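Let me begin by presenting the structure, written as structure tokens, before commenting on it.
The values are calculated or read from the model by the stated rules, or taken from the named source; none is laboratory data. Bear in mind that the values here come from a model prediction, so they are computed numbers and not experimental data. Heads up, the Cβs are rebuilt from the backbone with ideal geometry, glycines too, and the neighbour counts pull from every protein chain shown.
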Amino acid sequence: MADQEDSKGVKHCLDRQSPDLHTQQRLLKFINEARVVNDLTVLPHDVPVVDEELAHLGDIPHHIDPKRTLDLADACKLFEARIDHNLLHGFTNFKDLVAILDRRILDILIRLFGSYRYGRWDYLYPMTAGGMALSIEHAALLRTGKVLFIESGTDTILWDPTDEVTPQFSVIDGATTGLTANLFCSGHVFLSNGELLVVGGGGGGPGAASSIQGWRYDPISQQWTQTGDMTTKRWYPTALMLGDEQGPTGFSNRVLVAGGTGGTGGMEVYSESTNSFVPITVNGPITKHFNQTYPGLHLLPGGEVFYAPTGFANCSTGSVGGYTDGPSAWFTFDAQQGSNSGHWTEVSSAQIDRAKGMSVLLLQSTYPFVRVTAIGGGPAGTNSTAQTINLSTLSPSWGPTTTIPDGRPRINVNAVLLPNSTILVCGGLQSSPYPTWIYDPNAAVSAWREMDENHRPRHYHACALLLPSGKVMMAGGASSGGCSLSVENSIEVFSPPYLFNPDGTLATRPIIDSVNGEVPTSSHFVQFHHGDTFTVESPQATSIAKVVLIRPMAVTHQTDSEQRVIQMPFYTSGAAQLTVSAPDGGPAHAMAPRGYYLLFLLNTSGVPSEGKFVHLH
Ligand SMILES: [Cu+2]
């Protein structure tokens with residue numbers, strides 16, 4: 001079979017004589033490590049993981065049969081062939097295997113160990129411009145489809161991820177863009193008009209003069225402008241869009257800024273309409289200063305802000321200051337709209353310190369409607385577990401832990417929410433191998449699925465981000481064990497399993513032709529309001545199972561508090577048309593704050609379309 005070229009011009013080798021190198025390695029390892037014939041009949045990655053809580057909710061079987069790979073006769077054949085080939089080492093070369101094995105057995109093995117099961121990380125290219133290595137620590141997906149990178153200094157770096165063949169990085173000097181501050185170690189969030197708000201940072205450690213500043217980047221004019229100053233210096237702050245704009249006269253959208261060292265910590269809000277910051281007054285006995293930096297904060301659909309016990313802590317492997325803010329909690333504003341005060345309510349259950357872990361908000365249209373999953377972290381990065389809190393109950397508490405089946409702790413781990421509402425857990429390992437995992441919070445059994453390995457170590461300062469293609473980019477990463485700037489000056493891209501057919505060929509994806517009859521492009525954005533009904537024209541309309549909006553990521557130090565996948569009700573209104581209801585939130589739009597979102601269709605096999613930017617306003 002010939003190579004298959006995807007829409008980006010990247011060639012994917014389909015020849016079963018030579019699947020990609022990682023697939024060959026996985027397959028040979030499986031065959032060579034079998035001690036007895038029976039080992040070849042059970043998948044190595046099907047560790048039976050049962051969520052006891054879920055198992056008791058319904059008629060989910062408690063007993064799990066391990067999945068079979070080969071039947072006993074085929075396993076015998078393969079086992080004997082291995083002994084005949086080389087008693088001591090087995091098959092050391094994939095070609096030897098191809099030469100002696102039935103095509104039928106080979107096809108089964110490729111399905112079980114290839115991209116359909118593991119996805120695939122492609123090493124794209126080194127990040128260089130003008131002969132200089134780019135050392136990136138921040139990444140944000142702009143509504144133009146380009147990725148903006150920030151490194152130490154005043155340069156702005158732009159990358160077009162649709163070009164997976166020829167590296168093209170535009171490094172634009174501050175003199176051209178108007179940027180005079182070093183934005184390294186800042187926090188960021190997309191505003192309602194698609195501009196990126198960047199707050200604090202300054203590089204070089206806490207206390208830099210510019211760490212009190214705020215800046216806005218306009219992806220269209222490619223210019224930076226300074227906002228009013230914050231009320232305190234913030235090195236490593238978290239920024240989070242609130243959903244309580246006061247309309248109908250103008251968009252008084254606000255951004256919560258929290259944490260960061262070098263100042264007084266605590267929280268303040270930025271208002272889009274005044275372009276300035278005011279402090280938040282915390283009432284009641286519980287105060288949280290977030291001096292552990294980059295606190296894991298999430299906007300809940302009711303307008304509250306949830307604090308997950310994730311964050312950055314200090315630069316060494318310990319987590320000094322990592323847990324001084326007490327248990328996770330939610331902050332309730334005194335009024336539904338525009339309030340600058342409120343109080344914290346703590347979660348009463350036992351708590352795990354997850355400094356340098358990552359947390360992800362999960363929304364869905366059926367119970368449990370709102371959850372947060374926290375992954376990895378802990379003192380000295382000792383934690384190899386994930387834990388979920390169901391926030392749809394009156395007294396929420398953290399559920400039991402579930403361990404990443406490889407048992408390895410993750411420190412500075414990235415977690416990327418995919419269009420199918422599963423979480424890609426990548427990076428956070430300082431020694432090889434570098435396996436990645438997908439965690440499915442809705443799976444009753446085998447919630448963890450092992451994915452392909454990263455090509456390079458990706459831990460401190462590494463950034464992972466969902467691309468409009470439905471793939472995930474990962475770039476950057478410090479030297480092992482250290483707090484250096486990124487020395488991993490390269491980009492790799494993950495194609496999740498949903499992009500492949502069982503034989504490793506590329507799955508046919510649904511296509512978004514237009515939205516409300518308008519074709520979305522990198523410069524034209526279809527707009528609709530909360531609660532509006534809009535149409536999506538797609539030749540695959542009759543096979544669509546899900547329509548979702550995803551907030552574009554802006555990530556640094558593994559932290560992105562903004563990630564959310566919002567499922568929308570829809571019906572098939574024609575052979576090639578869907579009618580969709582935009583998210584609604586009454587007066588406060590906490591389910592989906594105003595802004596630009598990626599619109600994805602997913603078909604009944606879970607294959608997503610490419611994402612198209614639309615403007616929810
Ligand atoms: Cu850093």
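Any residue in the range 79-107 that's within 14 Å of Leu28 (Cα to Cα): show its pairings with residues that are surrounded by fewer than 13 Cβ atoms within 10 Å (Cβ to Cβ) at Cβ separation under 6 Å, as long as the two are six or more apart or on different chains.
Sorted first by the residue in the range 79-107, then by its partner, the pairs are Val98/Gln17.
May I ask you to verify whether Leu142 is at negative phi and buried (at least 21 other Cβ atoms within 10 Å of the Cβ)? Can you show your working first?
Values: at negative phi: yes; buried (at least 21 other Cβ atoms within 10 Å of the Cβ): yes.
Yes.
Quick grid of which residues meet (1) in contact (Cβ under 8 Å) with a residue 40 or more places away in the chain; (2) within 23 Å of Ala129 (Cβ to Cβ); (3) assigned by TED's automatic domain parsing to the domain that holds Ile108; (4) crowded, with 24+ Cβ neighbours inside 10 Å:
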position	(1), (2), (3), (4)
Val425	yes, no, no, yes
Ser469	yes, yes, no, no
Ser495	yes, no, no, no
Tyr498	yes, no, no, no
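Can you confirm whether Val555 is more than 16 Å from the ligand (Cβ to nearest atom) and at pLDDT 95 or above?
On the way: more than 16 Å from the ligand (Cβ to nearest atom): no; at pLDDT 95 or above: yes.
In short, no.
With respect to Gly153, is the statement that it is under 25 Å from Pro19 (Cβ atoms) and touching a helix residue (DSSP H, G or I) at 6+ places or on another chain (Cβ under 9 Å) true?
Values: under 25 Å from Pro19 (Cβ atoms): no; touching a helix residue (DSSP H, G or I) at 6+ places or on another chain (Cβ under 9 Å): yes.
No.
For Leu598, all conditions in the list (1) surrounded by fewer than 16 Cβ atoms within 10 Å (Cβ to Cβ); (2) at pLDDT 95 or above; (3) closer than 27 Å to Ser392 by Cα hold save one; what is the number of the exception?
Condition not satisfied by Leu598: (1).
Out of the residues in the range 183-192 meeting the condition of being out of contact with any Ser or Thr (no Cβ under 6 Å at 6 or more places or on another chain) and within 16 Å of the ligand (Cβ to nearest atom), tell me which one is nearest to Asp218 (Cα to Cα).
His188
Need the failing condition index for Glu53 against (1) surrounded by fewer than 13 Cβ atoms within 10 Å (Cβ to Cβ); (2) at pLDDT 55 or above; (3) among the charged types (D, E, K, R), just the number.
Unmet condition: (2).
Can you pull out the residues in the range 200-240 that are of a type in the set (Val, Ile, Thr) and within 16 Å of the ligand (Cβ to nearest atom)? Spell out the reasoning first.
Taking the range 200-240 first, the residues of a type in the set (Val, Ile, Thr) are 212, 220, 225, 227, 231-232, 238.
Within the range 200-240, just Thr238 meets the criteria.
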